[in-house]
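Here the structure comes first, spelled out in structure tokens, and everything after it is commentary.
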Amino acid sequence: MLQPPADLYRILLIEDDVALCGLLDQRLSTERFIVECAHDGLTGLEIARSRRFALVILDLMLPKLGGLEVLRTLRTSSSIPVLILTARGDEIEKVLGLESGADDYLAKPFNPRELIARMRAILRRTRSPLKGSEGVAVEDVTLNPQAREVTVGGAPVHLTSTEFTLLEAFLGRAGSIVSREELTEAVFGRKLSSGFDRSIDVHVSNLRKKLGAVGNSDRIKAIRGSGYIYVISAAPQALKL
């Protein structure tokens, strides 16, 4: 199969609204995206597993197999970035999607420009770093941006692109409090929309679970009213590798 030029991104859109797929295909093609569409969950999951894409856009309300099940199944074998489309105002659906491994979300109806901005922010996070980019190690956790690999105690830990960027932000400021606003800008490339937006908190929770505890203590702790802190046992600086 012919590969697209390096400056093009192949996107999989899993959406049962055929008209919306057509409109988004037209709009995204003007932004140098190549879009492939699937109109039900089973077909979308099969395509996502069989071909290489830079990003999956996934509606959660799908026939044959719901979007959440598609996402959970996909996450058992792939860390491909996923942006979910949710019903406006459905906070439970959004949180479940993020907890299941989505990188970001967008509520319907949406402005195509906002969708493109979210897509580009995710793709910037997954883009390979410049040659020579330094890794970082804090105690038993190491992060290698070149290979996009993380190890804890020497064992690999598989993170989504969002979790990887979030950990990078934490390790760079280990031992210091980082606000939710700072984390949102570092991870999503946008300002925190409101005090009720819990997206960053869900990603922090997912990352905390994947890193595991140190003894009986979590590596990342919430500081009420301030943000989060990546806890270190003494006061060492993060080591550049």
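Read the figures in this text as sums done on the coordinates, not as results from a lab. It should be emphasised that the depicted structure is a prediction, and the values quoted were computed from it without experimental measurement. Here Cβ is always computed from backbone atoms with ideal geometry, including for glycine, and neighbour counts include all displayed protein chains.
Restricting to segment 169-203, count the residues that are under 19 Å from ILE232 (Cα atoms) and surrounded by fewer than 19 Cβ atoms within 10 Å (Cβ to Cβ).
7
Please work out which one of (1) surrounded by fewer than 17 Cβ atoms within 10 Å (Cβ to Cβ); (2) free of Cβ contacts under 8 Å to residues at least 24 places away in the same chain is the condition PRO145 fails and give its number.
Status for PRO145: all satisfied but (1).
Could you check segment 28-49 and list, in sequence order, the residues that are β-branched (Val, Ile, Thr) and either touching an Asp or Glu at 6+ places or on another chain (Cβ under 6 Å) or more than 10 Å from ILE14 (Cα to Cα) (or both)?
Hits for segment 28-49 are THR30, ILE34, VAL35.
Looking at segment 40-58, I want the residues that are more than 23 Å from ILE116 (Cα to Cα) and have a partner that is assigned to a loop (DSSP other than H, G, I, E, B) with Cβ atoms under 9 Å, at least 6 apart or on another chain. Which pairs are those?
LEU42/LEU62; LEU42/PRO63; LEU42/LYS64; LEU42/LEU65; THR43/LYS64; THR43/LEU65; ARG49/SER77; ARG49/SER78
Suppose we filter GLU134, GLU114 for residues that are under 30 Å from MET61 (Cβ atoms), touching a Leu at 6+ places or on another chain (Cβ under 9 Å) and either without any contact (Cβ under 8 Å) to a residue 12 or more places away in the chain or assigned to a loop (DSSP other than H, G, I, E, B) (or both); which single one remains?
GLU114
Residue by residue through segment 74-91, note down the ones that are out of contact with any Gly (no Cβ under 7 Å at 6 or more places or on another chain), closer than 20 Å to HIS203 by Cβ, polar (S, T, N, Q) and free of Cβ contacts under 8 Å to residues at least 40 places away in the same chain.
THR76, SER78
May I ask you to verify whether CYS37 is over 25 Å from PHE164 (Cα atoms), touching a strand residue (DSSP E or B) at 6+ places or on another chain (Cβ under 6 Å) and part of a strand (DSSP E or B)?
Yes: the conditions hold for CYS37.
Could you list all residues from segment 92-107 that are out of contact with any Lys or Arg (no Cβ under 6 Å at 6 or more places or on another chain) and either assigned to a loop (DSSP other than H, G, I, E, B) or touching a residue at least 40 places away in the same chain (Cβ under 8 Å) (or both)?
Scanning segment 92-107 gives LYS94, VAL95, LEU98, GLU99, ALA102, ASP103.
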